[in-house]
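Just below is one structure, and these are the notes that go with it.
The values are calculated or read from the model by the stated rules, or taken from the named source; none is laboratory data. Since this is a predicted model, take the numbers as computed values, not measurements. In this analysis, Cβ positions are derived from the backbone assuming ideal geometry, glycine residues included, and neighbour counts consider all displayed protein chains.
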Amino acid sequence: MLSGLTITRAAKSRIGEVDFENLPFGAVFSDHMFSMSYSEGRWGDPRIEPYGPISLDPGTAMLHYGQTVFDGLKAFRGVDGAARVFRPERNAARLRESAARLCIPPVEEEVFIGAIRQLIELDHRWLPRREGQALYIRPLLIGTEAHLDVRPDTTYRFLMMTAPVGAYFDQNSGGVSLKAEATYTRAAAKGGMGYAKTAGNYAAGMLATANARREGFDQVLWLDSEQHRFVEEVGAMNIFFKTAGAGGSGGSGGSVITPPLGGSILPGVTRDSVIALIRDRGLTVEERPIAIDEVMDGIAGGSIEEVFGAGTAAVIAPVERLEYLGRNETLKNVPGPLTLALYDEIVGIQTGRLPDRHGWNMIVPLPASEAAAPMAVSSG
Ligand SMILES: *Cc1c(COP(=O)(O)O)cnc(C)c1O
């Protein structure tokens, strides 16, 4: 599948040290990682080796100028004992688009998918078994040339690591609170790199996020960079607003509004999936600019009934409270019926409990001994 792949197994697994009851997001990594190097105009030397430190010259330009991109997706232990990877070809395509924006040579889909399959086969015991848990897959592309010119590197490294993760937000603890940010922006305006999963966008968001946390919020709701008026997204999630139907509240009827992808917003795979699932329900999805005032007035007046974020890490995160320039609005009935139904549906598809009618899952069979102990999933 991956020609020339060499596999060096870890002498001893670290899995015994892991507390699977309590998995903080992205703090523990599985035994192995995938690695490939780029030089003289081509990728080569694909290998799987024990997870561990890599060495870089302090003059590596990437450390100074940020020529690096990443992606993120999840594998789930299915109810039938097979592993399911959610829409990996979309992440492969997005990594190529992010890479193109930063002048990084693309990694072929075949290599991206092949690396995922190999890592899951090798580290299948790291796939967690509890509902809400998953194996998070983190592909990373970095420039590796030591020089201080501001120009694209000539050598790169592609790494892929995996990490067993728990639920990002606790579904049982109500919803998240968001502070709409009126001073800082996450990504530059049109023409910038907001659509790319690249280090600089996250560094740009840290100050506002730290401020918001200090003020008691979970996350920042980013607004457009020109007027600080139109809603963009939530840092690691895209955002959705459910409006009341003509006949009033209750989850049926109405439409769902989400900001359009315009270059500054990250094109989430979960966003795309959620839009499809909402349309399947016969609801309208409007991808259009929505002003923060429209959101605040809508919540206050009851025409916006549900707000939720969508992203790989959180899946679906209900929003309970929003603040903008000192004005606070709180959603009633959190999580709302559509939020809950979408969460249940997407998790159901990801774990094989519900039919995969869009063909989103890539199945990776696990050894029979593993299949005998499928993940415990409650229905409904
Ligand atoms: C990754 C990410 C998302 C969500 O994308 P998914 O593909 O759904 O995980 C949204 N916003 C930002 C800034 C992100 O980095």
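Has region 39-62 got any residue that is exposed (fewer than 14 other Cβ atoms within 10 Å of the Cβ), closer than 30 Å to G132 by Cα and of a type outside the set (V, I, T)? Checking region 39-62: at least one residue is exposed (fewer than 14 other Cβ atoms within 10 Å of the Cβ), closer than 30 Å to G132 by Cα and of a type outside the set (V, I, T).
If the condition is being touching a residue at least 24 places away in the same chain (Cβ under 8 Å), touching a Lys or Arg at 6+ places or on another chain (Cβ under 7 Å) and assigned to a loop (DSSP other than H, G, I, E, B), then region 76-106 contributes G78, V79. If I ask for residues that are touching a residue at least 60 places away in the same chain (Cβ under 8 Å), under 26 Å from R138 (Cα atoms) and touching a helix residue (DSSP H, G or I) at 6+ places or on another chain (Cβ under 8 Å), which ones from region 312-352 would you list? Within region 312-352, T312, V315, P318, L342, E345, I346 qualify.
Across region 287-302, which residue is surrounded by the most Cβ atoms within 10 Å (Cβ to Cβ) among those that are among the small types (G, A, S) and outside any strand (DSSP E or B)? It comes out as G298.
Going residue by residue through region 303-321, is there one that turns out to be in a helix (DSSP H, G or I) and buried (at least 22 other Cβ atoms within 10 Å of the Cβ)?
So in region 303-321, the residues in a helix (DSSP H, G or I) come out as none.
No, region 303-321 contains no residue that is in a helix (DSSP H, G or I) and buried (at least 22 other Cβ atoms within 10 Å of the Cβ).
With respect to D153, is the statement that it is modelled with pLDDT of 95 or more, part of a loop (DSSP other than H, G, I, E, B) and acidic (D, E) true? Steps first, answer last, please.
Values: modelled with pLDDT of 95 or more: yes; part of a loop (DSSP other than H, G, I, E, B): yes; acidic (D, E): yes.
Judged against the criteria, D153 is a match.
Residues in region 107-150 that are assigned to a strand (DSSP E or B) and of a type in the set (S, T, Y): Y136 only.
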